[in-house]
Amino acid sequence: MTQDAWRSRTGFILAALGSAIGLGNIWRFPYMAYRNGGGAFLIPYLISVAGIGMALMMAELAVGHRFRASQPQAFHRGNKSWEIAGWWAVSVGMLGVTLYYCVVIGWTINFFFYSLPLSWEPNPGDFFFKSFLGLSKAPTQIGGIRWSIVLSTAFVWVACWQIVSRGIASGIEVALKIMMPLMIVLLLTLMVWSFFLPGSAAGLWAYLKPDFSKLLEPRVWIDAVGQTFFSLSLGFGIIVAYARYLPEDANLTADARWIVFGDTLFAVAAGVVVFSTMGFMAQLQGLPIDKVMKSGPGLVFVAFPQAISSLPGMRPAFGALFFLSLFLAGLSSALSLIEALASSLTDKFEAPRSRIVAIICLAGFFGSLMFTTGSGLYWLDIVDHHVTQYGLVLSGFLVSVFASWILGRSELLDHLGGNHDSLIGRLWIWLLRYLIPLVLAALFVWSLITDLTKAYEGYPVPMLIVLGGGWLAAMGAIAYWVCLQKWRSGPEG
Ligand code: PHE
């Protein structure tokens with residue numbers, strides 16, 4: 001029943017890479033690396049990418065390719081009682097990530113325009129938190145809706161609607177073929193530019209200097225695994241949804257290598273841009289690097305504008321390029337999130353794609369509104385933390401178990417085009433069957449203990465219960481409810 005298909009292998013790889021490369025590479029990776037010992041982080045990260053990331057990427061590709069279906073339908077076909085695990089993945093993607101992700105993409109549009117007149121001067125911190133976000137004093141104080149953010153968020157949802165409703169070949173593939181090369185050129189330009197800024201060497205040194213003592217801290221490894229998931233878009237049903245449109249003879253192992261390698265390279269390169277620029281700023285202000293480095297949203301939306309303002313010339317151009325590449329990176333990831341949900345719902349309800357996508361985008365826009373108020377940043381932080389630490393980790397665990405136990409060794413290897421007796425084939429299966437589930441379960445428990453002993457970021461506990469625990473419960477309830485509905489033309493449809 002699937003008529004749509006990728007027009008070319010390049011189109012598929014660009015789309016999968018577009019999903020993987022996102023805001024996570026540009027602000028999350030550099031900061032994670034820095035916090036966990038600079039160069040020392042690269043070692044656990046690369047191990048985690050090569051071990052867990054690569055194996056799960058192949059597993060998700062194989063599931064999509066084998067069943068030619070979205071994750072809920074694929075899981076149902078493998079074993080009826082697994083359908084809910086598929087809905088969990090797409091529900092975590094939509095409610096747990098897309099709703100706020102589209103708001104952050106919206107910010108990049110606002111900042112693109114702010115970078116032309118350098119609106120953030122003289123104080124980028126005050127500008128971002130006070131004038132732009134109108135951040136309230138506490139997460140319980142909702143504060144008003146920020147209309148400039150609502151407007152840019154609406155634009156993002158309309159763009160997603162327009163592209164995803166056109167389908168895979170004429171929507172997503174066409175858009176990605178334009179967006180990805182543009183984003184790569186922009187990033188390379190920024191890389192060369194920032195590399196030659198005075199002081200960049202000190203920034204790069206802070207980024208790449210190894211600190212092996214950190215390797216003994218479990219936290220470093222946990223961050224490395226979390227970053228692997230987030231960055232490679234694993235556990236959301238996205239890769240499954242994209243792989244269903246691949247031709248029979250696709251080389252999944254080679255595709256997985258391209259996606260994983262490309263995403264990792266991009267993260268490392270984005271780190272060079274961010275750290276060189278921070279080095280430049282540190283030299284300018286005569287401060288050590290760690291005083292100018294800020295985490296998360298602060299890094300991109302505060303420290304970067306500050307750095308741009310201190311550039312000797314071409315400031316609007318540098319800012320505009322930076323926020324444009326951030327926008328493109330974010331949008332290509334959002335498209336994949338929406339596609340994963342849309343293909344799951346069209347499978348189940350047999351409704352036309354255009355109608356389903358329109359409903360998702362309209363509902364999504366209204367859902368996003370809760371992150372556009374004065375307390376939006378706090379809410380985003382709380383939801384993101386719980387979704388990544390629990391929702392995603394659980395989802396990865398389930399995919400790993402499904403692929404290796406339910407789909408099974410020989411089918412998995414058939415689809416991966418692997419040699420059944422090769423050492424590497426056996427190693428993948430062993431990773432998926434034992435090591436990855438074990439590591440993910442440990443991660444889950446470790447996060448739970450940490451969160452129960454200490455309120456995350458010192459937020460008020462009732463807030464954490466409602467927005468964190470409640471959110472997870474709501475995602476579970478929705479997944480369960482959809483699972484109970486009838487397949488319009490049977491799951492084999
Ligand atoms: N992988 C994307 C990034 O690095 C984020 C993302 C998460 C994309 C979830 C899709 C789904 O930013």
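Put the Cα centre of region 6-78 next to the Cα centre of region 158-200 and the gap is 18 Å.
Using Cβ point charges alone (K and R +1, D and E -1), the dipole size of the chain about the Cα centre works out to roughly 280 debye.
Dividing the radius of gyration of the alpha carbons in the chain by their Kirkwood radius gives 0.95 for Rg/Rh. With a cut-off of 15 Å between beta carbons, the residues surrounding Leu440 carry a summed charge of -1, where Lys and Arg count +1 and Asp and Glu -1. Each residue of region 253-263 was assigned a 3J(HN,Hα) from its phi angle through the Karplus curve 6.51 cos²θ - 1.76 cosθ + 1.60 (θ = phi - 60°); the sequence is 5, 5, 4, 4, 4, 4, 5, 5, 5, x, 5 Hz, with glycine and proline shown as x.
Have a look at Tyr242, Ser404, Leu61 and report the one farthest towards the positive end of the charge dipole of the chain, computed about the Cα centre with Cβ charges (Lys/Arg +1, Asp/Glu -1). Working it through, the farthest residue towards the positive pole turns out to be Tyr242.
Check the straight Cα-Cα distances from Lys209 and name the lysines below 27 Å, setting aside those fewer than 8 residues away within the same chain. Cα-Cα hits under 27 Å: Lys291, Lys294.
In terms of its C-alpha gyration tensor, region 231-290 has a prolate overall shape, because the principal axis ratio a/c (a ≥ b ≥ c, square roots of the eigenvalues) is not below 1.5 and a/b outweighs b/c.
Working from Cα pairs under 8 Å separated by at least six residues, relative contact order for region 9-484 is 34 percent. Summarising the overall dimensions of region 120-173 from its C-alpha atoms, the Rg and Dmax are 16.7, 46 angstrom.
For Lys80, the lysines whose Cα falls under 23 Å of its own Cα, not counting residues fewer than eight places away in the same chain, are Lys348, Lys486. Residue by residue, region 460-466 carries 3J(HN,Hα) couplings of x, 4, x, 5, 5, 5, 5 Hz when phi is fed to the Karplus relation 6.51 cos²θ - 1.76 cosθ + 1.60 (θ = phi - 60°); x denotes Gly or Pro.
Calculate for the chain the 222 nm mean residue ellipticity that helices alone would give, adding -39,500 (n - 2.57) per DSSP H run of length 4 or more and normalising by residue count, nearest 500 deg cm²/dmol.
Working: 23 runs with 310 residues, N = 493.
Helix contribution divided over all residues of the chain: -20000 deg cm²/dmol.
Evaluating 6.51 cos²θ - 1.76 cosθ + 1.60 at θ = phi - 60° for every residue in region 60-76, the Karplus couplings come out as 5, 4, 5, 4, x, 6, 5, 9, 6, 8, 5, 4, x, 5, 4, 5, 4 Hz, glycine and proline recorded as x.
Treating the Cα atoms of region 75-215 as identical point scatterers in vacuum, please give the log10 of the normalised Debye intensity I(q)/I(0) at q = 0.16, 0.21 Å⁻¹, two decimals. Normalising to I(0) and taking log10 leaves -1.20, -1.27.
For region 358-483, the mean projected area of the C-alpha convex hull, equal to one quarter of the hull surface, is 10.5 nm². The value for region 414-493 of Rg(Cα) / (2.2 N^0.38 Å) is 1.72.
Any read-out appearing in this document is the output of simple, stated calculations on the displayed coordinates, not a laboratory observation. Owing to the predicted nature of the structure, the values given are computational and were not obtained by experimental measurement. All Cβ positions, glycine included, derive from the backbone under ideal geometry; neighbour counts span all protein chains shown.
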